[in-house]
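Read the structure below first, then the notes.
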Amino acid sequence: MMQFTHAAVTAPPLHPNGAHGLGLGLFLDVGAPRARPWPAGGFASTPPPLPTSSKISLGNLNSAGCMEQLLVHCANAIEANDATLTQQILWVLNNIAPADGDSNQRLTAAFLCALVTRASRTGACKAVTAAVAAAVESAALHVHRFTAVDLASFVDLTPWHRFGYMAANAAILDAVEGFPVVHVVDLSTTHCMQIPTLIDMLASRAEGPPILRLTVADVASCSSAPPPVLDMSYEELGAKLVNFARSRNVSMDFRVVPTSPADAFSSLVDQLRVQQLVLDGTEALVFNCHMLMHTVPDETAGSVSLAQSVSLRTMLLKSLRALEPALVVVAEEDADFTAGDVVGRLRAAFNFMWIPYDAVDTFLPKGSEQRRWYEAEVGWKVENVLAQEGVDRVERQEDRTRWGQRMRGAGFRPVAFGEEAAGEVRTMLNEHAAGWGMKREDDDLMLTWKGHNVVFASAWAPS
Amino acid sequence: MAMGTFPFQWPMDPVASAGLDGSFLPSLVPPPALAAGSDDSVSYYGAPQMHAASLPELAAPFPSRDAAAAAELAMRRAEEEVAGIRLVHLLMSCAGAIEAGDHALASAQLADANASLAALSTASGIGRVAVHFTDALSRRLFLSPTTTSAPPGTDAFLYHHFYEACPYLKFAHFTANQAILEAFHGCDAVHVVDFSLMQGLQWPALIQALALRPGGPPFLRITGIGPPSPPGRDDLRDVGLHLADLARSARVRFSFRGVAAYTLDEVQPWMLQVAPGEAVAVNSVLQLHRLLADPAPIDAVLDCVASLQPKIFTVVEQEADHNKPGFLDRFTEALFYYSAVFDSLDASGTGSPMAEAYLQREICDIVCNDGAARAERHEPLSRWRDRLGRAGLSAVPLGPSALRQARMLVGLSSGEGHSVEEADGCLTLGWHGRPLFSASAWQAFPAVDGEDNPHNSNTSNVSSSGGDGGDSNNSSSSNGKTQTQSSGVVGAGNMFL
């Protein structure tokens, strides 16, 4: 007995039978245009051509939106311990987002890796087997160990850090005018790459150079120290900086304090408290905080100080305030990665991390080693945000508004950046690709890429 | 035969292993050394408080009470192991007696086996699989062969649970899908022929991947083959409608056709309505071995596949020889094979009785059935290679990305113990080194006699030459919508009735 059935695509919708992986929420309505301000594949001066052939599905133009949705579905499947659905989505994602594709695809591939790492550590997906680890190379494996020279040229490739350096140095110079001794406490992730320029600027001070004290927070020994990684001891680095300062007739001393964001840099703060006891008012204390403060646990990290029921982040800012600094500079990424649920963090990260993948085409050629290092670092961040929990998750960025509230709450008032400083930053940005820009937001400066907020720089003094 | 290799694994007992190694001592982060000399204005301040925060807790001396408990457990395990070995001996002796035709001896051995079973835990290890084999032997000896009539839908129900509980079917699906996706690269009209549609679990992921591929999705047709439905139902159509729904939401132009047949050799190429210019993928997951019973329609079916000139023919089969003529050989092979499978079910921890029931049906078929009634005639990949080669199909290597993906996806959904290996372009999924399922991909040799391969371009006509069996060619249609006997098939005239 032969039976033939035929179902055309216009059949009325059937209620899905509820089986795992069979279409419950798996399929995306890829036709609805999403607000994506950026076409895949870089900064084109003309908009992408409309599809003229029936071969191109509308889904393609919104591929970034599709990928985000698939990633969200995948994250949900992992949280729900649905191994079947997780597998299906991972298989699809693996095929549409090769690690050597366009910006969107590489972005998605990095998120895919992070989700696989997360899946292998939780729930139905068992312990990481060697096979999983080999099949999906964790971003952490590719993070490069830089020499000082390599790191210096690496951070200059893009305004991501340079922007904060320039703004900070300008503000510091202003704030320490008239002080014969300047003590800079560097809380940053880029291992003093900002300092040579600062030394130069201090050396050419109209009133002559001050005595410079540099104290550097060394978090390298912490379990989740964010990249970049410096392949040199701080002793050696310090010696080089001191020599450089000497060559500019700046007398400098250099101290390193191993410390950890997990306890709000308490060892560093303790050192400083001791030093502040013997001050005579001739020393200006400056805190230079670049991209490291967000590694101190906030309220969502669940950890609170034993003494009070406030987060370590709040405690840190109060401690800084208590040291009566002349200036605190805060440069951070303008994004919020503190959502408690992984899907919330995924959306936030996906809608921010597209920027480095989009921008990299403008300054690093495909296949170059430096591009691999650069994308490895971005991948590290993505993996940290999505796959880590607890103390190991250090990428807890908050946006400019939130930091502003925190600083005000801790007893600081904003210090606006002068026109000269803003002008210098704009000039610097002209050395980079056309997509980079800058704007003022309240008293802060904001670095932008294609109009989207990237990194903000703010300066604060005790109120 | 060798009794030295004992494939059964005992579940790990945490009590016995705790405290026997010192691996729970927390590692101490060494405090940084204080730098000597600071004459260069470079100082390094140690912070001993932070790093020495937690002194390691040294293990308390191992109390003797735990030692006694561990010893008792070890003895129990040894006893169980002995009972297990004895049981295997008995089962194989019984099988040997059956092969020799000695019913009385077989019954006696079976009675002993049942007694041994009582001494074993049937929740895990050897007991769990042995109970099914003992049961099967019992049926063979004492029950008249009747086709067990299970309620409709049982097959699908058990299949779905087997799909969920272990990685084998999932591995089959995504490995086959990978080969199909790659084969369809650049094709605008594609047609998948699924030898066993079931609930269509394989296809949503492929539809989604096709939807998002660069250049956009092709026009996708799926032809699903399955057994006829009971009156009042049309299971194939239901699945087809569901897939159509999914395809619509993924914006993939889609069309489904169901072909109901009890066995694959009932399916003729014309029923598949392959259109000229479309790329064909034929997908067979655990179906070919059913065609090996005499008079073995397998070669006819493989010829039919080859005549479709598929871009890819994906084959997943059990990696075992359960088609041996001698009963004892077959029984032994199956005992060891299904022990490994049950072992892996054990380890996945979720413990699915339905998945077990699915496997039990296979075991029963292998042990109890003979001749035309026995469908589970698994054969190893090496023999499939020969057969497929004789049918004019050549192997398409599955590629390193398929291997990598398979390892990742299998690793994610199941514990340690499963591994994916690659050999000669085929992937096998195994348990602790024992291969259990193999996946391979094939294509037809290019057409001979200078005939155009219609799948190379969208608008080619089907050319006719003296090689055809004389059927009429529908040479100008470029889509498959005609209902007449259209030849999208080259050189297959001899398949037409």
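Got the relative contact order for region B:145-219 handy, in percent, Cα pairs under 8 Å and 6 or more residues apart? Kindly include the intermediate steps, with their values, before the conclusion.
Working: 26 pairs, mean separation 22.1, N = 75.
Contact order relative to length: 29 percent.
What average number of partner chain Cβ atoms lie no more than 10 Å from the Cβ of the residues making up A:245-255? Kindly include the intermediate steps, with their values, before the conclusion.
Working: counts 1, 1, 0, 0, 0, 0, 1, 2, 5, 6, 6.
Mean inter-chain Cβ contacts per residue within 10 Å come to 2.
If I ignore ligands, DNA and RNA and count only protein heavy atoms, how much of A:S223 is accessible to a 1.4 Å probe, in Å² to the nearest 10?
Here the residue's solvent-accessible area equals roughly 100 Å².
Take the alpha carbon gyration tensor of region A:162-300, find the square roots of its eigenvalues, order them as a ≥ b ≥ c, and report rounded if a/c is under 1.5; if not, report prolate when a/b exceeds b/c, else oblate.
Values: a/c = 1.68, a/b = 1.43, b/c = 1.17.
Judged from the Cα gyration tensor, region A:162-300 comes out prolate (a/c at least 1.5, a/b above b/c).
Tell me the net charge near A:M232. Cut-off is 14 Å between Cβ atoms, A:M232 excluded, with +1 for each Lys or Arg and -1 for each Asp or Glu. Before the final figure, lay out each step's value.
Numbers: positive: A:R145, A:K240; negative: A:D150, A:D218, A:D231, A:E235, A:E236.
So the surrounding residues net to -3.
What accessible area per residue comes out for region B:173-226, rounded to a whole number of Å², with a 1.4 Å probe? Present the calculation step by step, with values, prior to reporting the outcome.
Details: 1020 Å² over 54 residues.
Normalised by residue count, the accessible surface of region B:173-226 is 19 Å².
Please work out how much accessible surface A:E389 shows to a 1.4 Å probe, ignoring ligands, DNA and RNA, in Å² rounded to 10.
Approximately 80 Å² of A:E389 is accessible to the 1.4 Å probe.
Give B:K170/B:K324; A:K381/B:K311; A:K366/A:K450; A:K318/A:K450; A:K450/B:K170; A:K381/A:K450 a once-over and call out the pairs whose C-alpha atoms are over 32 Å from each other.
Working: B:K170/B:K324 28 Å; A:K381/B:K311 42 Å; A:K366/A:K450 21 Å; A:K318/A:K450 36 Å; A:K450/B:K170 43 Å; A:K381/A:K450 22 Å.
Where the Cα-Cα span goes over 32 Å, the pairs concerned are A:K381/B:K311; A:K318/A:K450; A:K450/B:K170.
How would B:R140, A:R345 rank on accessible area, largest to smallest, probe 1.4 Å? It would help to have the intermediate numbers written out before the result.
Numbers: B:R140 65, A:R345 0 Å².
My answer, sorted largest first, is B:R140, A:R345.
Provide the solvent-accessible area of A:K366, counting protein heavy atoms only and rolling a 1.4 Å probe, rounded to the nearest 10 Å².
140
Which GluC sites (Glu not before Pro) in region A:393-463 sit in a loop by DSSP (not H, G, I, E or B) and have at most 12 other Cβ atoms within 10 Å of their own Cβ? Don't jump to the answer; show the numbers that get you there.
On the way: sites: A:E395, A:E398, A:E419, A:E420, A:E424, A:E431, A:E441; in loops: A:E395, A:E398, A:E431.
Here the sparse-neighbourhood loop sites are A:E431.
May I ask for the net charge around B:F184, where only other residues with Cβ less than 9 Å from the Cβ of B:F184 are counted and Lys, Arg are +1 while Asp, Glu are -1? Spell out each step's value before the answer.
Working: positive: B:R213, B:K311; negative: B:E182.
Result for the neighbourhood of B:F184: +1.
Carbon and sulfur: what percent of region B:160-306's accessible surface (1.4 Å probe)?
Details: 2110 of 3880 Å².
Answer for region B:160-306: carbon and sulfur cover 55 percent of the accessible area.
Kindly identify region A:188-238 as rounded, prolate or oblate by the Cα gyration tensor criterion: order the square roots of the eigenvalues as a ≥ b ≥ c, call it rounded if a/c is under 1.5, otherwise compare a/b with b/c, prolate if a/b is larger, else oblate. Numbers along the way, then the final one.
Working: a/c = 3.00, a/b = 2.70, b/c = 1.11.
In terms of gyration-tensor shape, prolate.
Mind ranking A:T86, B:T428 by accessible surface for me, highest first, 1.4 Å probe?
Details: A:T86 5, B:T428 30 Å².
The most accessible residue leads, giving B:T428, A:T86.
For peptide B:255-267, how many partner chain Cβ atoms fall within 10 Å of a residue's Cβ, on average?
Values: counts 4, 6, 5, 5, 4, 5, 3, 1, 0, 0, 0, 2, 1.
Neighbouring Cβ atoms belonging to other protein chains average 3 per residue here.
If you take the square roots of the eigenvalues of the alpha-carbon gyration tensor of region B:236-285 and sort them as a ≥ b ≥ c, do you get rounded (a/c under 1.5), prolate (a/b over b/c) or oblate? All intermediate terms of the calculation are to be shown ahead of the outcome.
Details: a/c = 2.31, a/b = 1.42, b/c = 1.63.
Oblate.
Any idea of the total accessible area buried by the B-A contact, 1.4 Å probe, rounded to 100 Å²?
On the way: alone 24780 and 21250 Å², together 39610 Å².
For B against A, buried area totals roughly 6400 Å².
The values are calculated or read from the model by the stated rules, or taken from the named source; none is laboratory data. Everything numeric here is computed off the predicted structure, so don't read it as measured data. Every residue, glycine as well, gets a Cβ built from its backbone with ideal geometry; the counts of neighbours run over all protein chains shown. These area figures cover heavy atoms from the full protein model, side chains too; ligands, DNA and RNA do not enter into them. Shrake-Rupley method; radii C 1.70, N 1.55, O 1.52, S 1.80 Å.
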